Every structure is written in structure tokens, then in C-alpha cells.
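Since every read-out is calculated from the coordinates, none of them should be taken as a lab result. The structure presented is a predicted model; accordingly, all values stated were derived computationally and were not measured. Cβ atoms come from the backbone with ideal geometry, glycine included; neighbour counts cover every protein chain shown.
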Amino acid sequence: MSTTTYASSVELQERSQQTPPQLPAATAQPVPFQLSQNGVSHYTRVVEQHLEPADSGAAAWRLLGAAFVFEALFWGFPLSFGVFQNYYSRLPQFADSPYIPIVGTIASGISYLGAPLVTPLIKRYPRYQRQMILVGCENTVPLIVGWPVCLGGLAAGSFATTLGALIFTQGIMYGIGFLILYYPILNFVNEFWIERRGMAHGIMCASSGVSGIMMPFACEAMLNKYGYPTTLRAIAIGLAVLTGPLLPLLKGRLPHSEYSTAGRTDWSFLKKSLFWVYCTSNAIQGLGYFFPSLYLPSYATAIGLSSSDGALLLALLNISQVLGQLSFGYLSDHRLNLNLLITISTVISAIASLALWGLARSLGVLIIFSFIYGFFGAGYVAMWARMGSAVSNEPTAALATYSLFCVGKGVGNVVAGPISASLIRPITEIGSYGVMKYKAIILFTGACMLGSTVSVVAWYVRQKTWLRAP
């Protein structure tokens, strides 16, 4: 009886980090037979494949370049929703509804909340990742997935005449499509970039800042000139034209065997109090984090600024978010105390919200607020990886902790719309704090940032381990 053994993806990755032998694309080398305990011979055949080099080479850079473009365009669009919200709130058919923010928050929130559902599927069925990105066929079964769902959501939203239809198309459809599209691309990047993975992820994060400079202005100009139906169709066509030719570049480095199985995830970190402390802090921070990006354009309009000024504030917010994520991610890598960085991020975000945003009466003050809040508020997310390693050193737990932190952020993203509907006031008083209309929203944002701080500081003060924290 003969047994054929295939090298797993992990084994192939380890071998690739050594000097690769000069082999053809695929070779099969027999291993001399061995006798089992019952005396039956077993013939083992190990299939080895030549892999593209990791952390360098044309294939790695092609993939990273394609991932940069996809994240810049597909994630940059929901980050610019504040412009759409300001426009929708001025339309007669939507003006009286307090639930307009749900369209944007649910689109980005699904990408957070769905992470624990998609990442195990990627790990369990890696050979289907390319089909998750594009409509394809596997064993003649069509798989309707991310890229066309995103584009279809925008195209269908252009025909929406009610808020419910916008929530379903521009919100739910786009969010689900992005969820299925994004995580396979992220996994491809992780396969190609191992030793320099931090640099690769930093480049991907910077892409949203690049698009954030231009996309709010482009969306604001098209909305004012052509209206939302034409704008959504133009964006859908633009995304298809710019990203369609790059689809063939989205493929991983490791061959995925038909018989490969996923390693078991170590869930022991769930028993650690520190993990739940970080989860609590992350969830509270997420509850208030998204309000400035949702309401800065509307706030600017309320104090007499133009819609172009509102788009400028969003662009500055996006730029400072990228700088903050890169800076806090770098500093958290054993350079500064993690809990000190969490405190700095949340406390300064709270002060900026309560003191600058609430009292802002001019464009200059709102610009300063956008820079400070974007830098320190977005820096919190960049520390998720260090929070995960602080509660577990097991490699199999890294993806699990990241996914659960995504859920906490996603809950805040999704409920931000309904919460704001109950907090926003129907009257505007220029001389009042938060021009009265946004007073409760600003206070809630600041309170969430402070609450996130307290949850971490209180636990470490009680444990008397602050200075020994990672």
C-alpha cells in the first residue's frame, strides 16, 4: 500500500526562506520506503514547488502595488461618506431623517464585524481566495463575491429614492462586498511579506490617506454638479476601470493543497483578564471614534462654512490618521509602554473633542482639531497587534485577537448612526457649545475617549502592574 504526502503551505513557506534549489516549477522526489509496525511498506512522495521570493522580487511588489490601489479606492470611498451625508441631509426626500449616518457607518462597520467570520474561512479554504475576490468558477459552480458586489451596491444605490434603499445598497451591499474582497487580499500580502510585513502594512494604510486627500473633493464636486445618482454610477464605473486590470495580480505566493488543513487556533487568551480589559477599552473608544468623520462637514456648514471647507476637513482628517497609525504602530513595537500610548491616544482625543470641536467657530480651529484628533484617535487602532501579543504569544492567536478587536470597533461603527440620531438636536445656535445641534454628540465623543482610558488605567492601578505592562 502506498501513501502520498503533500507538503503543507506552512512547510513550503519555511522552506522558501532558505536558499531555494534550482528545481523546475514542480518536482516530485521519492523517499525510500519504510516499514510500518505491521510490516507493510509505505511509499512516501513529497511534492515541492518553486516559490516566488518573499519580502522582495517583482511578484511581491506587484501584489503590494495592486493591494495599495484596491485599499485606496474601495476603503477610501466609505471614509468620504461625510460628504455624502452633508449632501443627503439637504435633499427634501432625506432631510427630515435622523438616520442618514447609518448608510456610511454600516458600510464600514460590516468590514469590522465580519472579520471573525471571513478569516476562519480563508484559513480553512485558502484555495478559494481568488474566487472570493472576483466572480469565478470552481467545479463549474459560480461564486458571486466581493468585487462585483461592491460595484453593484453603488450602481443599485444610484436608483434608490428612499433612505432604506440607500442603507441596503450603498451601506449593506457595499460593506459585504468589501468584507469578502479585502481579507483575501490582506492574506495574499501576508504570504509575500514576512520579515518586512510591518512595512507592507504601513504602505497599505497610507493608501487610504492618499485617496482621502482627493476623494472627498471629487465626491463633493460631483454631488453638487450632477447629483447622487450620476455620482454613484460614475464612482462605480471609475472603480471598475481602475481596479479591473489589476485583478490578475491578486494571487498568493503559497500553493494551497487540496488536502491542506488549518491549524488549531489557541483560544487560551480568552481566560485572561487583560484581554477583556483591552476589549472593553477598544469597544468604548469605538463608540465615539466615528462621530467627527461623520459630522465635521455638517458642523462646518452649520457655522457658515462652505461644503468645500467640509471636504477639506475630511481630507486633513484622513491624512493625519495615516500619520498617527504609522507613528503609534512604530512606537508600540517595544519602544514605549503600550498602556502609556493607549492613555495618550484616548486622553488627547478627548481633550481635542471637548475643547476644540465643541468651541470651534472658524475653519482654523476645525483644521487644528482634524489634525490632532485624526493623529491621536486613529493611532489607537495601530496598537491592536501589540495588544494581541500582550495577551498571547501564540502565532495562531494573532489573527483571532485581531478579529475580535475588529468586532469591538465594528459595533461602535454600526451603532454610531442610531446613537447620533438620538443625540442630535433640531435647532442651531451659533453662540452655544457645539452650536447646540451637535452638543450631545461632542460630549458623547469625549466621554467615550475618557471611558476607554479609565478602563485600562483602573485595571493596572488595581493590579499595580502599570510599569511592568508591555
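A few remarks follow.
- Of the trypsin sites (Lys or Arg not before Pro) in region 332-407, those whose Cβ has at most 14 other Cβ within 10 Å and which sit in DSSP loop: 335, 361
- Difference of contour (0.36 nm per residue) and Cα-Cα distance, residue 461 to residue 272: 66.3 nm
- In this structure, the pairs whose alpha-carbon distance is over 26 Å, taken from 225/437; 409/439; 225/439, are 225/437; 225/439.
- Its relative contact order, with pairs defined as Cα atoms under 8 Å and 6+ residues apart, puts region 345-384 at 54 percent.
- Label-to-label distance, nm, for residues given as residue 230 and residue 421 (7 Å Cα→Cβ offset): 3.1
- Normalising the average separation of contacting C-alpha pairs (under 8 angstrom, six or more residues apart) by the number of residues puts the relative contact order of region 407-457 at 23 percent.
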